[in-house]
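Following: one structure in structure tokens, then a few remarks.
Bear in mind these aren't lab numbers, they're just calculated from the coordinates by the rules spelled out. These numbers come from a predicted model, not from an experiment. When we count neighbours, we look across all protein chains shown, and the Cβ atoms used for this are built from the backbone with ideal geometry, even at glycine.
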Amino acid sequence: MALLTDGNPNDALALEVYESAILNVAHVETIDLEIKLTLATAELAEDVLDVLLDHARAFDPESTIRRSKGVSDVVVSPQMQRWHALHTLEIVYRDAFNDQLNDRYQAKFLEYRQLSKDAFAHTVRFGIGLALTPIPQAQQAVLSAVGGNGAAGTFYVQVSWVSASGQEGAPSDATAFATAAQQNLMVQPLNPPPVATGFNVYIGPTEGTLARQNASPIAVGQTFTIPNGGLIAGAAPGTGQAADIFVVGGPTLRRG
């Protein structure tokens with residue numbers, strides 16, 4: 001999974017899994033879901049840090065620098081992703097109720113507040129996942145065309161950073177680029193993190209068909225160009241690195 005600091009664990013469409021009417025409610029009540037998703041992420045980060053600072057029943061290898069490190073090594077688990085979605089819905093319906101004083105919105109707000117609390121408690125019981133070597137999500141790469149023998153077409157591209165131990169961070173958002181005939185696509189990643197020693201490149205004719213084009217990680221500072229032979233059928237992009245350890249929270253769950 002991605003790191004908590006990579007961005008929001010859910011997008012607006014993911015909220016429909018829990019509340020099918022949420023997009024319509026946000027439109028009618030002029031609520032910016034992206035802002036609420038980001039607010040929920042910030043509040044989750046505060047609660048997660050609180051758990052890590054109060055880890056009486058588990059071992060945090062970064063305990064001596066946890067305050068300065070924050071949550072930069074926290075991996076988003078499925079439990080945390082669900083908690084984020086439910087807490088976002090709590091925030092949305094809280095705002096809708098406070099604005100309209102509508103009993104229907106109040107009932108939804110109270111429902112999602114309780115569901116959010118339960119999801120938080122479940123996340124803490126499962127444990128907060130930490131990556132010992134956190135690799136941030138890659139930025140979108142710079143795409144350009146160079147001379148070659150390729151046919152005209154549109155390509156979708158994602159890149160991801162890889163550490164010396166072979167761990168891979170979350171891939172960048174997909175970027176599209178069109179090439180003309182007798183051109184090949186060149187990919188240049190941006191701003192490698194200090195932990196990265198290489199990167200992977202995923203390319204496909206659609207976002208749903210991206211495949212890894214390099215047999216082994218490409219060294220930081222280099223670029224990748226589609227060879228004259230065209231694309232190969234490699235592995236699909238991953239979702240980020242798995243947690244190496246889990247820290248279970250202390251006996252007191254402070255979030256009220």
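Of interest is the spacing of the C-alpha centroids, which for region 1-71 and region 208-253 amounts to 23 Å. Computed log10 I(q)/I(0) for the chain at 0.07, 0.13 Å⁻¹: -0.31, -0.90, from the Debye equation with unit scatterers placed on every C-alpha and solvent omitted. Summing charges over neighbours of F155, with a neighbour being any other residue whose Cβ is under 15 Å away from its Cβ, gives -1 when K and R count +1 and D and E count -1.
Sequence-ordered 3J(HN,Hα) estimates for region 231-245 from the Karplus curve with 6.51, -1.76 and 1.60 and θ = phi - 60° stand at 6, 10, 9, x, 5, 6, x, x, 10, x, 7, 7, 5, 8, 9 Hz, glycine and proline given as x.
Under a Cβ-Cβ cut-off of 9 Å, what is the net charge of the residues other than E29 that fall near it, where Lys and Arg count +1 and Asp and Glu count -1? Here the count lands on -2.
Taking a ≥ b ≥ c as the square roots of the Cα gyration tensor eigenvalues, region 89-172 comes out oblate, since a/c reaches at least 1.5 and a/b does not exceed b/c. Here, region 83-128 has an Rg and a Dmax of 11.7, 38 Å when only alpha carbons are counted. Between A2 and V76, the built amide H atoms are under 5 Å apart, and every one of these is 5 or more places off in sequence or on another chain.
The largest-to-smallest principal axis extents of the Cα set in region 142-225 are 39, 25, 21 Å. Selection among T88, T123, Y156 by position relative to the dipole of region 77-161 gives T123 as farthest towards the positive end (Cβ unit charges, Cα centre). The ellipsoid equivalent to the alpha-carbon distribution of region 183-256 has semi-axes of 36, 16, 11 angstrom, derived from the gyration tensor eigenvalues as √(5λ) and listed largest first.
I91 sits among other residues whose Cβ lies under 10 Å from its own Cβ, and their net charge, with Lys and Arg +1 and Asp and Glu -1, is 0.
In this structure, the amide hydrogen of V142, modeled 1.01 Å from its nitrogen in the peptide plane, lies closer than 5 angstrom to those of Q188, L190, counting only residues at least 5 positions away or on a different chain.
For the chain, modelled as a GNM whose springs connect Cα atoms under 10 angstrom apart, the maximal fluctuation among A145, A211, A196 occurs at A145.
Computed 3J(HN,Hα) for region 63-73, one whole-Hz value per residue from the Karplus formula 6.51 cos²θ - 1.76 cosθ + 1.60 where θ = phi - 60°, is 4, 6, 10, 4, 4, 7, 6, x, 10, 5, 10, glycine and proline marked x.
Could you work out which residue, out of P134, P193, P171, moves most in a Gaussian network model of the chain, that is, has the largest mean-square fluctuation with Cα springs under 10 Å? In the Gaussian network model the winner is P193.
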